[in-house]
Amino acid sequence: MKERIAIFPGSFDPYTKGHEDIVRRGLKIFDKIIIAIGYNVHKRQRYFDVDMMVEKIRHLHKDDPRIGVEVYNELTATFAVKHQARYLLRGLRNTTDFEYENTIAQVNMHLGNDLETVFLITSPKYAHISSSVIREVHQYGGDIANLVPFEID
Ligand code: ADP
(Lines give C-alpha, C1' and ligand atoms only; values in the text may rest on other atoms or scores of the structure.)
Protein backbone atom coordinates (compact mmCIF):
# COMPACT_ATOMS: atom_id res chain seq x y z
CA MET A 1 0.00 0.00 0.00
CA LYS A 2 1.13 3.52 -0.72
CA GLU A 3 2.64 5.42 2.19
CA ARG A 4 0.31 8.01 3.70
CA ILE A 5 2.38 11.15 3.98
CA ALA A 6 1.01 14.31 5.60
CA ILE A 7 2.45 17.78 5.81
CA PHE A 8 1.85 19.64 9.08
CA PRO A 9 2.35 23.24 7.93
CA GLY A 10 2.62 26.25 10.20
CA SER A 11 4.77 29.06 11.50
CA PHE A 12 5.69 27.16 14.67
CA ASP A 13 6.94 30.39 16.23
CA PRO A 14 7.34 28.58 18.58
CA TYR A 15 6.38 24.89 18.29
CA THR A 16 4.12 24.20 21.28
CA LYS A 17 2.84 21.28 23.31
CA GLY A 18 -0.39 21.66 21.33
CA HIS A 19 1.51 21.13 18.06
CA GLU A 20 3.36 18.15 19.51
CA ASP A 21 0.04 16.59 20.52
CA ILE A 22 -1.35 17.00 16.99
CA VAL A 23 1.75 15.30 15.53
CA ARG A 24 1.66 12.37 17.93
CA ARG A 25 -2.04 11.81 17.34
CA GLY A 26 -1.58 12.31 13.59
CA LEU A 27 0.78 9.35 13.55
CA LYS A 28 -2.18 7.09 14.32
CA ILE A 29 -3.53 8.09 10.90
CA PHE A 30 -0.43 8.73 8.77
CA ASP A 31 2.75 6.75 8.08
CA LYS A 32 4.86 9.87 7.94
CA ILE A 33 4.40 13.52 8.99
CA ILE A 34 6.58 16.36 7.79
CA ILE A 35 6.44 19.37 10.11
CA ALA A 36 6.85 22.18 7.60
CA ILE A 37 7.84 25.61 8.85
CA GLY A 38 6.74 28.31 6.43
CA TYR A 39 9.44 30.94 6.42
CA ASN A 40 10.43 33.68 4.04
CA VAL A 41 14.12 34.59 4.46
CA HIS A 42 13.51 38.05 3.03
CA LYS A 43 10.60 38.93 5.30
CA ARG A 44 12.22 37.57 8.45
CA GLN A 45 9.03 38.16 10.44
CA ARG A 46 9.71 35.73 13.24
CA TYR A 47 10.17 36.05 16.97
CA PHE A 48 12.14 32.83 17.50
CA ASP A 49 15.04 32.02 15.18
CA VAL A 50 13.94 29.52 12.53
CA ASP A 51 17.16 27.45 12.59
CA MET A 52 17.00 27.17 16.37
CA MET A 53 13.37 26.03 16.12
CA VAL A 54 14.18 23.40 13.46
CA GLU A 55 16.97 22.04 15.63
CA LYS A 56 14.77 21.87 18.75
CA ILE A 57 11.89 20.15 16.94
CA ARG A 58 14.26 17.66 15.24
CA HIS A 59 15.87 16.86 18.56
CA LEU A 60 12.49 16.40 20.25
CA HIS A 61 11.39 13.86 17.64
CA LYS A 62 14.79 12.35 16.88
CA ASP A 63 13.79 8.83 17.91
CA ASP A 64 10.85 8.67 15.54
CA PRO A 65 11.86 8.26 11.88
CA ARG A 66 8.25 8.88 10.83
CA ILE A 67 8.58 12.57 11.72
CA GLY A 68 10.49 15.02 9.51
CA VAL A 69 11.10 18.75 9.93
CA GLU A 70 11.63 21.11 6.99
CA VAL A 71 11.56 24.84 6.29
CA TYR A 72 9.76 25.92 3.13
CA ASN A 73 9.17 29.12 1.22
CA GLU A 74 6.58 28.38 -1.44
CA LEU A 75 2.92 27.44 -1.63
CA THR A 76 2.08 24.74 0.89
CA ALA A 77 0.35 22.80 -1.89
CA THR A 78 3.50 22.92 -4.05
CA PHE A 79 5.62 21.75 -1.13
CA ALA A 80 3.18 18.89 -0.48
CA VAL A 81 3.19 17.71 -4.10
CA LYS A 82 7.02 17.73 -4.12
CA HIS A 83 7.04 15.47 -1.08
CA GLN A 84 4.39 13.09 -2.47
CA ALA A 85 2.11 14.14 0.39
CA ARG A 86 -1.60 13.88 -0.34
CA TYR A 87 -2.69 15.23 3.04
CA LEU A 88 -2.28 18.34 5.13
CA LEU A 89 -2.65 18.01 8.88
CA ARG A 90 -4.03 20.94 10.91
CA GLY A 91 -5.25 21.42 14.44
CA LEU A 92 -8.57 23.03 15.37
CA ARG A 93 -9.03 24.79 18.67
CA ASN A 94 -12.16 26.86 18.20
CA THR A 95 -14.48 28.51 15.70
CA THR A 96 -11.93 31.20 14.88
CA ASP A 97 -9.51 28.48 13.74
CA PHE A 98 -12.36 26.87 11.81
CA GLU A 99 -13.27 30.01 9.83
CA TYR A 100 -9.68 30.46 8.76
CA GLU A 101 -8.96 26.80 8.09
CA ASN A 102 -12.11 26.32 6.06
CA THR A 103 -10.95 28.80 3.44
CA ILE A 104 -7.35 27.66 3.17
CA ALA A 105 -8.32 23.98 3.04
CA GLN A 106 -10.45 24.74 -0.01
CA VAL A 107 -7.72 26.74 -1.67
CA ASN A 108 -5.22 23.95 -1.03
CA MET A 109 -7.59 21.35 -2.42
CA HIS A 110 -7.78 23.38 -5.59
CA LEU A 111 -4.05 24.13 -5.84
CA GLY A 112 -2.73 20.77 -4.72
CA ASN A 113 -4.53 18.32 -6.98
CA ASP A 114 -7.11 17.12 -4.47
CA LEU A 115 -4.82 17.62 -1.51
CA GLU A 116 -6.98 16.74 1.51
CA THR A 117 -6.74 18.63 4.79
CA VAL A 118 -7.31 16.48 7.86
CA PHE A 119 -8.23 18.28 11.08
CA LEU A 120 -7.68 17.05 14.59
CA ILE A 121 -9.61 18.74 17.36
CA THR A 122 -7.26 19.98 20.05
CA SER A 123 -6.94 17.99 23.27
CA PRO A 124 -8.70 20.07 25.97
CA LYS A 125 -5.55 20.32 28.06
CA TYR A 126 -3.76 22.10 25.21
CA ALA A 127 -6.64 24.16 23.86
CA HIS A 128 -5.46 27.35 25.57
CA ILE A 129 -1.97 27.19 24.09
CA SER A 130 -1.13 29.47 21.18
CA SER A 131 2.22 30.52 19.76
CA SER A 132 1.21 34.20 19.89
CA VAL A 133 0.49 34.09 23.62
CA ILE A 134 3.78 32.27 24.23
CA ARG A 135 5.68 34.98 22.33
CA GLU A 136 4.07 37.64 24.45
CA VAL A 137 4.76 35.84 27.72
CA HIS A 138 8.37 35.25 26.68
CA GLN A 139 8.85 38.85 25.60
CA TYR A 140 7.97 40.04 29.08
CA GLY A 141 10.13 37.45 30.80
CA GLY A 142 7.32 35.07 31.82
CA ASP A 143 7.77 31.33 32.23
CA ILE A 144 6.87 29.33 29.10
CA ALA A 145 8.24 25.96 30.27
CA ASN A 146 4.78 24.39 30.57
CA LEU A 147 3.70 25.47 27.12
CA VAL A 148 6.65 24.43 24.94
CA PRO A 149 7.97 20.83 24.75
CA PHE A 150 11.64 21.83 25.05
CA GLU A 151 13.73 24.46 26.76
CA ILE A 152 14.03 27.86 25.14
CA ASP A 153 16.32 30.55 26.61
P1 ADP B 1 -0.22 29.24 11.33
O2 ADP B 1 0.83 30.30 11.38
O3 ADP B 1 -0.42 28.63 9.99
O4 ADP B 1 -1.51 29.57 12.02
P5 ADP B 1 0.67 27.80 13.68
O6 ADP B 1 2.13 27.45 13.79
O7 ADP B 1 0.17 28.85 14.59
O8 ADP B 1 0.40 28.06 12.16
O9 ADP B 1 -0.20 26.49 13.90
C10 ADP B 1 -0.11 25.38 13.06
C11 ADP B 1 -1.35 24.50 13.23
O12 ADP B 1 -1.42 24.04 14.57
C13 ADP B 1 -2.66 25.20 12.96
O14 ADP B 1 -3.53 24.27 12.33
C15 ADP B 1 -3.17 25.55 14.32
O16 ADP B 1 -4.59 25.64 14.35
C17 ADP B 1 -2.69 24.36 15.09
N18 ADP B 1 -2.56 24.63 16.52
C19 ADP B 1 -1.97 25.69 17.09
N20 ADP B 1 -2.04 25.62 18.45
C21 ADP B 1 -2.70 24.46 18.72
C22 ADP B 1 -3.11 23.81 19.94
N23 ADP B 1 -2.87 24.36 21.13
N24 ADP B 1 -3.78 22.65 19.84
C25 ADP B 1 -4.03 22.11 18.61
N26 ADP B 1 -3.68 22.67 17.45
C27 ADP B 1 -3.03 23.83 17.49
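Quick check: at a probe of 1.4 Å, how many percent of the accessible area of region 1-98 sits on carbon and sulfur atoms?
Values: 2630 of 5480 Å².
Carbon with sulfur: 48 percent of the solvent-accessible area.
In terms of the ratio Rg/(2.2 N^0.38 Å) built on C-alpha atoms, what value belongs to region 5-139?
Against the empirical 2.2 N^0.38 Å value, I get 1.00 for region 5-139.
If only the Cβ of Lys and Arg carry +1 and only the Cβ of Asp and Glu carry -1, the dipole of region 5-139 around its Cα centre is close to 220 debye. With both labels modelled 7 Å from their Cα along Cα-to-Cβ, the Asn146 to Ser123 distance reads 1.6 nm. Within region 41-113, the trypsin sites (Lys or Arg not before Pro) that combine a DSSP coil assignment with at most 11 other C-beta atoms in a 10 angstrom radius are Lys43, Arg44, Lys62. When all protein chains stay in place and ligands, DNA and RNA are ignored, the 1.4 Å accessible-area order of Thr117, Thr16, Thr95, largest first, is Thr95, Thr117, Thr16.
For Lys82, the lysines whose Cα comes closer than 19 Å to its Cα, not counting residues fewer than 8 places off in the same chain, are Lys2, Lys32.
When the surface is traced with a 1.4 Å probe over the full set of protein chains, Tyr47 keeps roughly 90 Å² accessible.
Counted residue by residue at 0.36 nm each, then reduced by the alpha carbon distance between them, the extension gain from Lys62 to Met109 reaches 13.8 nm. Just check region 41-94 against the gyration tensor rule for me: Cα atoms, a ≥ b ≥ c as the square roots of the eigenvalues, rounded for a/c under 1.5, and otherwise prolate or oblate depending on whether a/b exceeds b/c. Here region 41-94 falls in the rounded category. For GluC sites (Glu not before Pro), the sites in region 1-73 that DSSP calls loop and that have at most 13 other Cβ atoms within 10 Å are Glu3. Accessible area per residue (1.4 Å probe, heavy atoms of protein chains only) ranks Asp31, Asp49, Asp114 as Asp114, Asp49, Asp31, with the largest value leading.
Considering only protein heavy atoms, what per residue accessible area in square angstrom results for region 13-144 with a 1.4 angstrom probe?
Accessible area per residue, region 13-144: 60 Å².
Positive contributions from Lys and Arg (+1) and negative ones from Asp and Glu (-1), summed over other residues with Cβ under 13 Å from the Cβ of Thr117, come out at -2. In this structure, the pairs whose alpha-carbon distance is over 19 Å, taken from Lys17/Lys43; Lys17/Lys56; Lys17/Lys125, are Lys17/Lys43.
The values are calculated or read from the model by the stated rules, or taken from the named source; none is laboratory data. Since the structure is predicted, the reported quantities are computational estimates derived from the model, not experimental observations. Quick reminder, even Gly has a Cβ in these numbers, built from the backbone with ideal geometry, and neighbours come from all protein chains shown. Just the protein is used for accessible areas: all its heavy atoms, side chains included, with ligands, DNA and RNA removed. Shrake-Rupley method; radii C 1.70, N 1.55, O 1.52, S 1.80 Å.
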